[in-house]
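One structure is given below, encoded as structure tokens.
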Amino acid sequence: MEETVKTVGVVGTGVIGACVAFSLAQRGVRVHCVERAQPGGLTTDVSFARLSAYQQPTYPRFELSHTGMIEHVRFAKQFASAAWWHPTGSLAWSDAAGAGGARTGESFVEVVDRLSAWGYRAIWCDAARVNREWEPGIAFSPAQAPIVRFPDEGWIDGPQLVSALIETAKQSGCLRLWNGAVEDIEVHGDRVVALRLENQDRIEVDAVVNAAGPEAVTVAAALGAPMAGAVATRGSLVIDLATDGDPVKHVLRGAEAHVRSAGPGRVRVRSDQVDACLPAGIRSEPGDEIVKDLLERVYGTVPALASSTVERIRIGTAVFPADGFPSVGALSGVYGYYEAFANSGITLAPFIGRTLATQIVTGEIHPLWARCSPDRLRVAS
């Protein structure tokens with residue numbers, strides 16, 4: 001493939017698509033990015049964007065996320081200023097019952113012990129120390145709750161990352177942006193040859209990367225390669241608050257709510273419990289009671305936020321393979337079609353970008369993608 005792939009169409013410029021496009025441009029590949037909205041302005045902008053491997057229930061899934069976290073460190077060093085990267089560390093604690101595992105019935109302590117056994121750095125603390133040394137504004141309930149600090153976690157400003165990567169690639173002369181939706185992926189024989197957009201623009205390419213996030217299923221259908229029954233959907237209510245000062249320094253994974261800084265004078269919040277009650281298929285206009293529930297949980301966790309102002313209320317929708325692993329790599333039988341979509345896209349994006357670009361240009365497949373072939377998502381004929 002090294003001799004034939006000179007031009008690649010990347011469908012979707014969320015954080016994964018932008019990382020793929022940037023890595024391809026670094027290799028001198030001509031990249032056409034197709035996006036129906038502002039780059040980084042849809043799912044990437046609504047994500048809580050915590051950099052973490054906490055919720056992965058099996059070692060293979062943990063290993064992918066942990067590798068993604070390590071890749072962010074390497075990735076940031078490529079830039080004079082990686083203003084999107086916030087390695088703040090995080091604090092996590094459970095409710096009085098001690099629940100909170102990614103595995104059914106697993107306690108919070110068991111989660112942390114499992115992660116520690118896998119080499120994930122975790123430091124146990126008590127509430128008094130946390131309030132005294134790091135986060136005086138947190139109201140822990142119960143006050144004796146065990147707290148763990150994950151020093152290697154943090155958060156990513158997704159839109160800022162996407163903007164930096166797209167602009168850098170454009171300045172190299174290797175990237176062009178197209179605004180619109182993909183209507184068709186043209187295949188001649190068994191090879192991808194072009195993208196056709198809804199406005200009838202036609203872009204000749206040697207390969208296509210489907211990094212369309214929630215629209216990945218639709219893009220795959222344009223190729224004639226449906227994924228019926230193979231993907232899952234998850235909604236998340238995210239609220240941005242305008243605050244006086246910066247009331248939290250770490251990413252907080254509390255028993256009732258998750259809270260993190262979103263830049264000077266802003267905080268982003270969500271809750272697992274609230275998300276579990278979202279109506280199926282909801283994408284916008286959350287009900288007042290749902291919003292009120294989330295805010296009450298947030299104010300109970302960080303009381304100072306009760307004086308904040310609600311800035312934005314949005315529903316984020318993630319679409320990902322139902323088995324929890326990403327879809328990364330080439331689809332058998334169609335030369336030049338690749339997929340790149342995942343749960344925890346923020347964590348995995350730079351690693352996906354670098355390794356998928358390597359595969360497209362050289363044919364080399366990274367060992368960690370052995371379980372992640374797009375082939376497994378296809379309907380048997």
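The values are calculated or read from the model by the stated rules, or taken from the named source; none is laboratory data. Keep in mind it's a predicted model, so treat the numbers as computed, not measured. A quick note on method: Cβ atoms are made from the backbone with ideal geometry, for glycine too, and the neighbour counts reach across all protein chains shown. We work out accessible area using only protein heavy atoms, side chains counted, and drop any ligands, DNA or RNA first. Shrake-Rupley method; radii C 1.70, N 1.55, O 1.52, S 1.80 Å.
Per-residue answers, yes or no, for (1) open to solvent by 30 Å² or more (accessible area, probe 1.4 Å); (2) under 24 Å from the mean Cα position of the chain (by Cα); (3) under 29 Å from THR358 (Cβ atoms):
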{"position": "SER141", "(1), (2), (3)": "yes, no, no"}
{"position": "ARG149", "(1), (2), (3)": "yes, yes, no"}
{"position": "PRO159", "(1), (2), (3)": "yes, yes, yes"}
{"position": "THR218", "(1), (2), (3)": "yes, yes, yes"}
Some residue of the range 38-47 being assigned to a loop (DSSP other than H, G, I, E, B) and hydrophobic (A, V, I, L, M, F, W, C): yes
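Strands (runs of 3 or more DSSP E) wholly in the range 117-191 with at least 3 residues that are of a type in the set (A, V, I, L, M) - which ones?
Here the list reads 182-188.
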Strands (runs of 3 or more DSSP E) (entirely within the range 259-353) containing at least 1 residues that are in contact with a Phe, Trp or Tyr (Cβ under 6 Å, 6 or more places away or on another chain) and open to solvent by 20 Å² or more (accessible area, probe 1.4 Å): 266-270, 327-330
Would you confirm whether any residue within the range 74-91 is under 24 Å from the mean Cα position of the chain (by Cα), surrounded by fewer than 20 Cβ atoms within 10 Å (Cβ to Cβ) and assigned to a helix (DSSP H, G or I)? yes
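Rundown of residues vs (1) under 30 Å from ILE365 (Cβ atoms); (2) in contact with a Ser or Thr (Cβ under 7 Å, 6 or more places away or on another chain); (3) not aromatic (Phe, Trp, Tyr), yes/no style:
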residue: ARG253; (1), (2), (3): no, yes, yes
residue: ALA262; (1), (2), (3): no, no, yes
residue: ARG270; (1), (2), (3): no, yes, yes
residue: ALA276; (1), (2), (3): no, no, yes
residue: PRO321; (1), (2), (3): yes, yes, yes
Conditions: (1) of a type in the set (Gly, Ala, Ser); (2) closer than 20 Å to ALA220 by Cα; (3) touching a Leu at 6+ places or on another chain (Cβ under 6 Å). GLY68 meets all but one. Number of the miss? (2)
Residue among VAL10, VAL34, VAL20 that is open to solvent by less than 30 Å² (accessible area, probe 1.4 Å) and part of a helix (DSSP H, G or I): VAL20
